[in-house]
Amino acid sequence: MAQSPFAAPSRPARQLLHREAYFEAEWLAREETELFGRAWSFACMTDDLAGPGDYVTVKVGDWPLVILRDKGGALRAFHNVCRHRGMQVVEGCGNAAKGLTCPYHWWTYELDGALRGMPKREALFADLDLSTIALKPASVGVIDRLVFVCPDATPPDGFETFKADLEEHLWPHDVAKLEETASGRYRIACNSKLFAENAMDGYHLAYLHDRTLMGPDAEWQTWKAAGRHWVWYGPGESEGRRNSTMKRIPESDPDAPGPRVWWFFPTSGVIATGVFWSVFWLVPDGPQSCFLDTRTWIMPDQAEAMKAYEDLFPASRHRRDGSPDAIALDQLDVHPMETLDFQIEDMWVVERLQESLRSPAFEVGPLSLDTEASLTHFQRSILDYVPAGGRGMKAAAE
Ligand code: FES
Ligand SMILES: [Fe+2]
């Protein structure tokens, strides 16, 4: 039998978070402020903010934010909360080259956040010094073409650290030469941490996904901690992908051992193979509910691109109503394991797991050396941001 390219596993694994961290409203309330309010979340691609005035809005935890390109070409992020009465100044995405005008009473802001003025200023705000009011700044940073935001103007983990931790591991793909093919939204009845941990668990690949991803077995994979992030290495691509009719991305070598999945702490990541490059991110929507969003790029000019994409994520064929809304398990006309879509297989597991967690009989048993140490790594960072033992919180296992 061929020798595995990866070193023998040695990292011990243990569950650090108490089960209540996965369903208690108090935990999520603290995460909104202490984790999502201070960590880096994926927002959009630089291509979405190509010219001056282009903006994208996102909501990170409890924080509505706007990211824009200013007149000098720099990216800026602000709290999308009007300094008058708090209306969200802009929504969706678009261009505000002439300034950001709040729809409620038409206060208008420059692209650097400064308040330019409002209607009837002389009559209604005679004493107001405009220079004392501006949109509150948030933080923004870019890795390759990925734009990240943080609601905190001075995040505890600065963007240079966030980026430096990943730099030596980045994908070889030149995303600028690829074409965006499709986006997906999944509604998942689980705590977002549960889905994140599933994404970091390489142990299940050969078993839960035996008909879709078909491994690799644990000894043929490894992962590396990159600061708080996590990078997963596989031995090469599965049979199915190697035989795919999709065009090969030239910079990538699908058969070489190398990084395949990048997890950016705490909620986003990239999956890259020889035929596609995909970004995914989680949007918590309650203690036991979240959305998974994905955007995917492939080689351009593939007439069969959409069909090829469906081959990768075939759940759409099994949606009863053909609705364009988020894909959810209750929309499927077959059992999730019959969709032959690895994303749906994962959703099925984490939703069942979410139910088990509520049982007083639930406890985490022995975890596998190394492959499940990725969960320990993730949970340690969660506890750095949200230390256990606060008001209304059960102590963590450690
Ligand atoms: S709330 Fe924005 S102008 Fe009044
Ligand atoms: Fe999975």
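Odds and ends about this structure:
- Long-range amide H partners of VAL60 with built H, under 5 Å: LEU65
- Net length gained if the chain between ALA206 and ALA74 were fully extended (0.36 nm per residue, minus Cα distance): 43.1 nm
- For LYS193, a cut-off of 24 angstrom between C-alpha atoms picks up these lysines, skipping any fewer than 8 places away in its own chain: LYS59, LYS163, LYS224, LYS394.
- Table column - 3J(HN,Hα) (Hz), segment 272-282, Karplus curve with 6.51, -1.76, 1.60, x for Gly and Pro: 9, 10, x, 10, 8, 10, 9, 10, 9, 8, 9
- Spatially, segment 183-237 and segment 39-115 are offset by 34 Å when compared through their Cα centroids.
- Couplings 3J(HN,Hα) of segment 201-211, computed from phi: 9, x, 5, 7, 4, 7, 10, 4, 9, 5, 9 Hz, in residue order, whole Hz [Karplus 6.51 cos²θ - 1.76 cosθ + 1.60, θ = phi - 60°; x for Gly and Pro].
- Partnerless cysteines, meaning none of the other Cys C-beta atoms lie under 4.7 Å away, in the chain: CYS44, CYS93, CYS150, CYS190, CYS290
- Scanning residues 5 or more positions from ALA328 or on other chains, those with amide H under 5 Å from its amide H are ARG187, with H placed 1.01 Å from N in the peptide plane.
- Anchor LYS98: lysines whose Cα lies under 17 Å away (excluding residues fewer than 8 positions away in-chain): LYS71
- Summarising the overall dimensions of the chain from its C-alpha atoms, the Rg and Dmax are 22.4, 84 angstrom.
- Measuring spread by the Cα atoms of segment 169-385 yields a radius of gyration and Dmax of 16.9, 54 Å.
- Given the chain, longest segment not containing exposed loop chymotrypsin sites (Phe, Trp or Tyr not before Pro) (DSSP; at most 16 other Cβ within 10 Å): 208-361
- Label separation (ALA50 vs VAL142): 1.4 nm, computed from points 7 Å beyond Cα along the C-beta direction.
- Top of THR161, THR212, THR273 by mean-square fluctuation, Gaussian network on the chain, Cα under 10 Å: THR161
- Evaluating 6.51 cos²θ - 1.76 cosθ + 1.60 at θ = phi - 60° for every residue in segment 213-220, the Karplus couplings come out as 9, 6, x, x, 5, 4, 6, 9 Hz, glycine and proline recorded as x.
Quick note: the coordinates plus some simple rules give every number you see, no bench work behind them. Quantities reported herein were computed from a predicted structural model and do not represent experimental measurements. Heads up, the Cβs are rebuilt from the backbone with ideal geometry, glycines too, and the neighbour counts pull from every protein chain shown.
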